[in-house]
Amino acid sequence: MGREKVQIFDTTLRDGEQVPGCKLDTYNKLIIADRLDELGVDVLEAGFPISSPGDFDSVVKIAQLIKNARVCGLTRAVKKDIEVAAEALKDANNPRIHTGIGTSDSHIKFKFNSTRDKILERAVFAVSYAKSFVEDVEFYAEDAGRTDNDFLAMVCEAVINAGATVLNIPDTTGYCLPEEYGSKIKYLKENVTGIDKATISCHCHDDLGLATANSIAGIQNGARQIECTINGIGERAGNTSLEEVVMIMRQHTDLNIDTNINSKLLYSTSQMVSQSMGMPVQPNKAVVGANAFAHSSGIHQDGVIKKRETYEIMDPHDVGVTQSAIVLTARSGRAALAYRAKNIGFELDKLQLDKVYKEFLKVADRQKEVNDGDIPKIIEASGL
């Protein structure tokens, strides 16, 4: 029996682009959208059509380009927003309108100066109106992480009855703990009449570094869609990282869930998005960072050289990285030096290695990293 599928909803081109300085033109959006479709995302959120003429144009062109993924446009619970999104998506093979409204008491009072009853009414209207244009309607309950569970369940039940096919439960401010977020999803599964008619979606932010953990907690409690971005880019501290949740589900087979993502394209997609948006990937970023499969400690290097799995839980090839890196520094041991020397044609016996290693440490203490070009000079300086 195959593992159950979790839908990957990519919002790199919408939420990811909200990062200051990361604005993309239509040409670059189309290149990234095409790669995301090739990567295997199930839903591609192309933009917020009413926000600007440029974004509208991008959504139109992405809708025309994409052949496999569902193409989604974001709206507020506003009639004109929904009409504009429907127009932008009219050429999509599989269009989805993503509409919604804030449901926490904080949003209701300070953002909308409204009441729960009026918010519920607007939510139902937005879904019903969106449903008149497309079959697939996703509803987001903004700030669901801080929304009272009873009211959230009431809203979810009402929008399902209005035709919502997906319920987005965002931890908009990145406040929830994983247990808290998972419990919220479980509560909805157990208390919303008709919940089986809709897919529950996790949309988490990384303000406290918990976006990935919260998304996985949501999946463990019944959600079956994760909203995420390449490299975790997004508003403020970022969104759930696509590459992280994909590889967590793939590595933890006991979860019995997986995605349609071609993981061998993760690293190159990460690099493409980084370069297009001008957002460097931090070296210690999980899965796709430059140091994700790099080892500089002698103890670790010795283990990896003997058997890679001693310090790596993933095969670098599975995410599109050519090979693990044994980086020579002052923390490296003899095994790493011998390994790197052999790779460039120098076979050293134990006595030779002892001599070369002493010279190596002198060089390694002077510079951050010892490269292949330094090794012949070190061997020569050792008197061999």
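In the range 16-56, what residues are modelled with pLDDT under 95 and closer than 18 Å to Asn231 by Cβ?
Across the range 16-56, the qualifying residues are Gly16, Glu17, Gln18, Val19, Pro20, Gly21, Cys22, Lys23, Leu24.
Any residue that is free of Cβ contacts under 8 Å to residues at least 24 places away in the same chain and either within 19 Å of Thr199 (Cβ to Cβ) or in contact with a strand residue (DSSP E or B) (Cβ under 8 Å, 6 or more places away or on another chain) (or both) - is there at least one of those in the range 89-105?
Let us first name the residues in the range 89-105 that are free of Cβ contacts under 8 Å to residues at least 24 places away in the same chain, namely none.
No; the residues of the range 89-105 include none that is free of Cβ contacts under 8 Å to residues at least 24 places away in the same chain and either within 19 Å of Thr199 (Cβ to Cβ) or in contact with a strand residue (DSSP E or B) (Cβ under 8 Å, 6 or more places away or on another chain) (or both).
Being in contact with a strand residue (DSSP E or B) (Cβ under 9 Å, 6 or more places away or on another chain), among the small types (Gly, Ala, Ser) and surrounded by fewer than 22 Cβ atoms within 10 Å (Cβ to Cβ) narrows it down to one residue among Gly209, Gly163, Gly232; which is it? Talk me through it step by step, then tell me what you get.
Working: Gly209 fails: in contact with a strand residue (DSSP E or B) (Cβ under 9 Å, 6 or more places away or on another chain); Gly232 fails: surrounded by fewer than 22 Cβ atoms within 10 Å (Cβ to Cβ).
From the options Gly209, Gly163, Gly232, the qualifying one is Gly163.
Among (1) closer than 20 Å to Gly100 by Cα; (2) of a type in the set (Gly, Ala, Ser); (3) over 15 Å from the mean Cα position of the chain (by Cα), there is one condition Gly174 misses while meeting the rest; what is its number?
(3)
Would you check if there is a residue in the range 20-34 being touching a Pro at 6+ places or on another chain (Cβ under 7 Å) and without any contact (Cβ under 8 Å) to a residue 24 or more places away in the chain?
So far as the range 20-34 goes, no, none of its residues is touching a Pro at 6+ places or on another chain (Cβ under 7 Å) and without any contact (Cβ under 8 Å) to a residue 24 or more places away in the chain.
Working carefully through the options Gln271, Gln282, Gln323, find the one that is surrounded by fewer than 19 Cβ atoms within 10 Å (Cβ to Cβ), polar (S, T, N, Q), within 31 Å of the chain's Cα centre (by Cα) and assigned by TED's automatic domain parsing to the domain that holds Gly16. Can you show your working first?
Details: Gln282 fails: assigned by TED's automatic domain parsing to the domain that holds Gly16; Gln323 fails: assigned by TED's automatic domain parsing to the domain that holds Gly16.
Just a single option satisfies the conditions, and that option is Gln271.
Might you let me know whether the range 296-306 holds any residue that is over 17 Å from the mean Cα position of the chain (by Cα), basic (Lys, Arg) and either within 25 Å of Lys368 (Cα to Cα) or modelled with pLDDT of 95 or more (or both)?
From the range 296-306, those over 17 Å from the mean Cα position of the chain (by Cα) are 296-306; that's our starting set.
Add one more test, that the residue is basic (Lys, Arg), and what stays is 306.
When the remaining residues are screened for being either within 25 Å of Lys368 (Cα to Cα) or modelled with pLDDT of 95 or more (or both), the result is 306.
Yes: the range 296-306 contains one or more residues that are over 17 Å from the mean Cα position of the chain (by Cα), basic (Lys, Arg) and either within 25 Å of Lys368 (Cα to Cα) or modelled with pLDDT of 95 or more (or both).
Does the range 5-50 hold any residues that are of a type in the set (Phe, Trp, Tyr) and over 14 Å from Arg96 (Cβ atoms), and which are they? So that I can check it myself, show each step before the final result.
Residues of the range 5-50 that are of a type in the set (Phe, Trp, Tyr), as a first pass: 9, 27, 48.
Across the range 5-50, the qualifying residue is only Tyr27.
Taking the stated definitions as given, is Glu83 among the charged types (D, E, K, R), within 21 Å of Ile62 (Cβ to Cβ), more than 28 Å from the chain's Cα centre (by Cα) and in the same structural domain as Ala46 (by TED's automatic domain parsing)? Show your work before the answer.
Numbers: among the charged types (D, E, K, R): yes; within 21 Å of Ile62 (Cβ to Cβ): yes; more than 28 Å from the chain's Cα centre (by Cα): yes; in the same structural domain as Ala46 (by TED's automatic domain parsing): yes.
Yes: the conditions hold for Glu83.
Quick check on my filter: what residues within the range 325-384 are part of a strand (DSSP E or B), in contact with a Ser or Thr (Cβ under 8 Å, 6 or more places away or on another chain) and of a type outside the set (Val, Ile, Thr)?
The one that is part of a strand (DSSP E or B), in contact with a Ser or Thr (Cβ under 8 Å, 6 or more places away or on another chain) and of a type outside the set (Val, Ile, Thr): Leu328.
The values are calculated or read from the model by the stated rules, or taken from the named source; none is laboratory data. Predicted model only: the values in this text are computed from it and were never measured. Counting neighbours? That spans all protein chains shown, and the Cβs are built from the backbone with ideal geometry, glycine included.
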